[in-house]
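*Asks:* Dumping the structure here so I can ask a few things about it.
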Amino acid sequence: MNLEEGTMRGIEDLEENLMLDIFSRLNVRTILCCKCVCKKWHDIVLDPYFVNNMWPKNPNNLGLMIHHVTITGRGGLHWIEIEEEEEDFDVARILTVDLSTPRELKRFDRYPGFCFQKMVVGGSVEGLICVWSIFHTTWIINPVTKEYMNLPDAPSSLSLSNTRPDIISYGFGASVGAKAYKVIRIYKTSTIEIEVFTLGTDQWRTLERQDHYNELVCNYMKAGLFFNGHVHWIDSFGRGKLFVFELDNETFNSFPSPPPVYDEKQEKISFGCLGVLKGCLSQCCWYSSRKSSVWVMKEHGVKDSWYKAFTINETKIASYPLCVIDSLRGAILIVRDEKTFAAYCLQTSTLKRVSLACIDTYIRIDTAITYRPTLLKLQNFASLNTVVQAF
């Protein structure tokens, strides 16, 4: 109540800095509703300072992006929110993005023999997702703004030879200095090669080859994890060896792995995944006995700073881990379980399953990554060869 004028003031009368503070505490579903209320709120929500500096820090926005593939199509992306309560947590699906929707993707539908793995998630940074196909086409997607952009063909894909190089992996991250968003593509011909594309430019760049690239011995790696100005990968065929790409200097090197490669009973690590816990790099190891352990690197890049944070002997976790995420009350391990995924709280040993069987007769969970939504417009990175379009 305004005592001088004797009139009631509403929320629309609050100063803009107070509105920014209120909006910065809202989850993505609420903020998207606020954007549609009036022009003033629309402008506040899309204000560059709010988009780039305030809303991304909201801890309530942490969730998952699940990629499923199907026999009849390339599947879709399922945006999952972790809803935490006082002594428990729950999971809820927010949005599904059908990867068959963009017109550019439909031209590959005449190749039915490649249906099962047409699309692969190549990493995520600050709400933007990199997706690539076995036909060497690369897209950047923002599920919140429902925009996508098709990157130009990489030099290695334009070879005049009859065979294209084998893609080992993709990575996606942002440099610390210039805040440049970069896509990293690792492939193999007779040797290991690396190409880099910076959003906002028109072409890929091939890095000068280094001899130590040969330390990478596998033919395929899951998408790299972006953390602390670096993209990290696990070489599953090299006994869990880690590799890292520094985005500022654009260098690719090996990275200290957590000890040991085998556990106390000499059980082989059959799978691993990377994550971030309490602001530190983490790795979950899944042993041949189906026991899991989670390692945390207290000081980035220092081998002796790895320590074992959790050991999981629960028999109800019958499949290998997809990722580990840092919730408000503790770490949550995401594992694949046939047509569903399971979220397992490491502190409370609480298990939650979510079914994704909603489109085709057979669905396979291929990838799960930590996801923080963004209102950042892809139009900021449009160029002559990268046109932004809507879903």
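*Asks:* So, in region 204-238, exactly how many residues are of a type in the set (D, E, K, R) and in contact with a Phe, Trp or Tyr (Cβ under 9 Å, 6 or more places away or on another chain)? Before the answer, list the steps.
*Replies:* So in region 204-238, the residues of a type in the set (D, E, K, R) come out as 205, 208-209, 211, 215, 222, 235.
The next check asks that each one be in contact with a Phe, Trp or Tyr (Cβ under 9 Å, 6 or more places away or on another chain); those that pass are 205, 215, 222, 235.
Qualifying residue count, region 204-238: 4.
*Asks:* If you don't mind, there's one more thing I want to ask. Would you pick out the residues in region 347-391 that are crowded, with 19+ Cβ neighbours inside 10 Å, of a type in the set (A, V, I, L, M) and modelled with pLDDT of 80 or more?
*Replies:* Ala368, Ile369, Leu375, Leu376, Leu378
*Asks:* So, one more: Over 30 Å from Leu322 (Cβ atoms) and assigned to a helix (DSSP H, G or I) - does that describe any residue in region 24-36?
*Replies:* yes
*Asks:* With respect to Leu160, determine if the residue is modelled with pLDDT under 60 and in a helix (DSSP H, G or I).
*Replies:* Details: modelled with pLDDT under 60: yes; in a helix (DSSP H, G or I): no.
Spelling it out, it is not the case that Leu160 is modelled with pLDDT under 60 and in a helix (DSSP H, G or I).
*Asks:* If you don't mind, there's one more thing I want to ask. Can you confirm whether Ile22 is surrounded by 11 or more Cβ atoms within 10 Å (Cβ to Cβ) and modelled with pLDDT under 85? Can you show your working first?
*Replies:* Details: surrounded by 11 or more Cβ atoms within 10 Å (Cβ to Cβ): yes; modelled with pLDDT under 85: no.
Spelling it out, it is not the case that Ile22 is surrounded by 11 or more Cβ atoms within 10 Å (Cβ to Cβ) and modelled with pLDDT under 85.
*Asks:* So, in region 53-72, of the ones that are surrounded by 15 or more Cβ atoms within 10 Å (Cβ to Cβ), outside any strand (DSSP E or B) and among the polar types (S, T, N, Q), which residue ends up modelled with the lowest pLDDT?
*Replies:* Pass one, region 53-72, residues surrounded by 15 or more Cβ atoms within 10 Å (Cβ to Cβ): 54-56, 58, 60-70.
Filter again for outside any strand (DSSP E or B), leaving 54-56, 58, 60-62.
Pick out the ones that are also among the polar types (S, T, N, Q) and you get 58, 60-61.
Numbers: Asn58: 76, Asn60: 69, Asn61: 74.
Restricting to residues being surrounded by 15 or more Cβ atoms within 10 Å (Cβ to Cβ), outside any strand (DSSP E or B) and among the polar types (S, T, N, Q), the top hit is Asn60.
*Asks:* How about region 252-320: which strands (runs of 3 or more DSSP E) wholly inside it have at least 2 residues that are under 21 Å from the mean Cα position of the chain (by Cα) and modelled with pLDDT of 80 or more? Break it down into steps so the answer makes sense when it comes.
*Replies:* On the way: elements: 269-277, 280-287, 292-297, 306-312.
Answer list for region 252-320: 269-277, 280-287, 292-297.
*Asks:* Can you run down the residue pairs with Cβ atoms below 7 Å, 6 or more apart or on separate chains, where the first is in region 369-381 and assigned by TED's automatic domain parsing to the domain that holds Glu81 and the partner is aromatic (Phe, Trp, Tyr) and not in a strand (DSSP E or B)?
*Replies:* Leu375/Trp55
The values are calculated or read from the model by the stated rules, or taken from the named source; none is laboratory data. Small disclaimer: the values here were computed from a predicted structure and weren't measured. Counting neighbours? That spans all protein chains shown, and the Cβs are built from the backbone with ideal geometry, glycine included.
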